[in-house]
Structure formats: structure tokens, C-alpha cells
Amino acid sequence: MISQLFILAPNGHTIVNKDYRGDVPKDSPAIFLRKLVEKSEGEAPIFNVDGVNYMCVRKNGLFFLCTTVYNVSPAFVIELLTQLTKVCKDYIGVLNEESLRKNFTLIYELVDEILDFGWPQCASTADLQ
């Protein structure tokens, strides 16, 4: 269901990148950031560009971004990304760019447990422990 997962820093640099299917262009974070700048602040960061769906949650300045070419429920993906932010915060203490960069191997392992080839599995801190 999910083609790519990114965690982007406030300046747009990629901290975590997982490409599950290879059906979305590699420059999708740049397309997302360009489109986000074009949109007004009040609009939700859920949109479609050239057949690719972009869904994002922003937490503490970080962008948790999913892309897909499939017709998935945006509410489901937003809930999944919100759960991912909570799990990351529970494991590393504080959710910011520096702590994510210091613990990126842990974050990759958590993402691997939460998503299996783009399909959500378990996004609960208690179940992951």
C-alpha cells in the first residue's frame, strides 16, 4: 500500500528513506517540498501530483511523509504516521532532528517492524517492546 516512507528535516534533507516498491520517482521529497511551498499554510499536506499520492504529518518541524500510487485511505495513512511519531518519541525520548540522526539505525529497525513491504503491521510501542 505504501510505496515510500521519508522522514525529512525542517530544511528538507532526508533523515530516513525507505522505498518499498520502486514505483514512485526517487525525487518525490523534492516534489513534495515544492508543492508544500506552493500551498497555503491552512491546507492539509495531502495531495496528488502526476498520479502519486503524498500524505504527510508534521511533528516538531519534522515531516513524516508517505507516497503511494495506490488508492489508500488518507486517514489511515495519517493515523499510521501519527503512530510512527509516537513510537519514535517513546524510543528516543525527544523527537527532533538531532535525536533522529543519532538514532537512525533504531528508527530504521522500528520502521521495518511497523511496515512490512509497505503494509502496516504493528504500530504500538507496547507491542513492539
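The values are calculated or read from the model by the stated rules, or taken from the named source; none is laboratory data. Note that the structure is predicted; figures quoted are calculated from it, not measured. Please note: Cβ atoms are built from the backbone with ideal geometry, for glycine as well, and neighbour counts cover all protein chains shown. Calculation scope for accessible area: heavy atoms of the full protein, side chains included, ligands and nucleic acids excluded. Shrake-Rupley method; radii C 1.70, N 1.55, O 1.52, S 1.80 Å.
Worth a mention:
- Residue count, segment 75-90 (criterion: open to solvent by 60 Å² or more (accessible area, probe 1.4 Å) and either closer than 19 Å to Thr14 by Cβ or not basic (Lys, Arg) (or both)): 4
- All positions within segment 99-123 that are open to solvent by 50 Å² or more (accessible area, probe 1.4 Å), in contact (Cβ under 8 Å) with a residue 40 or more places away in the chain and assigned to a loop (DSSP other than H, G, I, E, B): Phe117
- Comparison of Val49, Val37, Val24, Val72 shows that the only residue that is of a type in the set (Val, Ile, Thr) and open to solvent by 70 Å² or more (accessible area, probe 1.4 Å) is Val37.
- Residue count for segment 1-44, restricted to those that are within 13 Å of Val77 (Cβ to Cβ) and touching a Lys or Arg at 6+ places or on another chain (Cβ under 7 Å): 3.
- Subset of segment 1-22 that is modelled with pLDDT of 90 or more and charged (D, E, K, R) - its residue that is farthest from Leu110 (Cα to Cα): Asp19
- Filter result for Tyr54 (hydroxyl-bearing (Ser, Thr, Tyr), in contact with a strand residue (DSSP E or B) (Cβ under 8 Å, 6 or more places away or on another chain) and surrounded by fewer than 16 Cβ atoms within 10 Å (Cβ to Cβ)): no
- Only one of Ala44, Ala126 that is among the aliphatic types (A, V, I, L, M), assigned to a loop (DSSP other than H, G, I, E, B) and either at pLDDT below 90 or exposed (fewer than 11 other Cβ atoms within 10 Å of the Cβ) (or both): Ala44
- Filtered by the rule that a residue be outside any helix (DSSP H, G or I), free of Cβ contacts under 8 Å to residues at least 24 places away in the same chain and not aromatic (Phe, Trp, Tyr), segment 47-81 gives Asn48, Val49, Asp50, Gly51, Asn53, Arg58, Asn71, Ser73.
- For segment 1-21, a residue qualifies if it is of a type in the set (S, T, N, Q), surrounded by 11 or more Cβ atoms within 10 Å (Cβ to Cβ) and closer than 18 Å to Asn96 by Cβ, and exactly one does: Thr14.
- Some residue of segment 82-98 being in contact (Cβ under 8 Å) with a residue 40 or more places away in the chain and part of a loop (DSSP other than H, G, I, E, B): no
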